[in-house]
Amino acid sequence: MADTRRDRRRNVDNPERTGSRRPAAWLIIAAAAVSVLSLALGWLQLQSVQRAVGIQLPDTMIGGYDAGYVESVRRLLDAPLVERYQSVHYFWDLVFPVAFAALIILLVRRFGGQTPLRWPFYTVAVLYAAVDIAENLALEAALASPEISSSEVAFASFLTTAKFVLFAAAILAFALSFMLNRTTEPGRD
């Protein structure tokens, strides 16, 4: 117990150790702020498009969708709504997944310690961002094509469902890394 206190005092008194934590804390705060802001603004804009068309947009359907549904959404979108919908895909829904993945990586790095599972946890966050961005591109391609293909929509639908699963998995990865670090911390009985 005395050794643990001495180690903690040594870490607090050592400016190199405490100074290395500050940038990480600011990066975490910045990534969290960008994540929350981009999620909120993107969600509000997506909801305004959804209210205008009167049905749920494919991006928000956890269980997926089919070609007929995407065709009905496309029929309801006029030019200004398409522009607003695309701005969500090409800005807010690009910023959020990247910021969120960075946030999860920074949190796992900061609070997860040296658990050997940190690299798979990082991978889950990066996969989430990649799948979310790929889903946006697949939906845009399906909506822009002259004739909606069932295979294009099936791929976009798969990516939408995978996006939600990976989002939950990224949060779980952080929670697990935090808990694993607390249970394997030296000096704990």
Legend entry - Unique match (being more than 26 Å from Val153 (Cβ to Cβ) and modelled with pLDDT under 95) among Pro116, Pro80: Pro116
Legend entry - All positions within the stretch 138-149 that are assigned to a helix (DSSP H, G or I) and loosely packed, with under 13 Cβ neighbours inside 10 Å: Ala144
Inset, instruction - All but one of (1) of a type in the set (Val, Ile, Thr); (2) at pLDDT below 95; (3) in contact with an Asp or Glu (Cβ under 7 Å, 6 or more places away or on another chain) hold for Thr160, so report the exception by its number. - result: (2)
Inset, instruction - Please determine, by comparing only the residues of the stretch 95-121 that are open to solvent by less than 50 Å² (accessible area, probe 1.4 Å) and outside any helix (DSSP H, G or I), which one is nearest to Phe167 (Cα to Cα). - result: Gly112
Inset, instruction - Using the structure shown, decide if Glu152 is more than 20 Å from Pro97 (Cβ to Cβ), at pLDDT 90 or above and assigned to a loop (DSSP other than H, G, I, E, B). - result: no
Legend entry - Cβ-Cβ under 7 Å pairs, at least 6 apart or on other chains, the stretch 130-159 side under 14 Å from His89 (Cα atoms), far side open to solvent by 40 Å² or more (accessible area, probe 1.4 Å) and not polar (S, T, N, Q): Ile133/Leu94; Ala138/Glu152; Ala138/Phe155; Ala141/Glu152; Ala142/Glu152; Leu143/Arg74
Inset, instruction - May I ask you to list pairs of residues, at least six apart or on different chains, whose Cβ atoms are under 8 Å apart, with the first in the stretch 54-65 being within 18 Å of Val82 (Cα to Cα) and the second being aromatic (Phe, Trp, Tyr) and assigned to a loop (DSSP other than H, G, I, E, B)? - result: Pro58/Tyr65
Legend entry - Pick from the stretch 57-83, criterion part of a loop (DSSP other than H, G, I, E, B) and open to solvent by 50 Å² or more (accessible area, probe 1.4 Å), ranking: nearest to Phe167 (Cα to Cα): Ile62
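The values are calculated or read from the model by the stated rules, or taken from the named source; none is laboratory data. Values in this document were obtained by computation on a predicted structure and should not be read as measured data. Positions of Cβ are backbone-derived with ideal geometry, glycine not excepted, and every protein chain shown enters the neighbour counts. These accessible areas exclude ligands, DNA and RNA; they are computed on the full protein's heavy atoms, side chains included. Shrake-Rupley method; radii C 1.70, N 1.55, O 1.52, S 1.80 Å.
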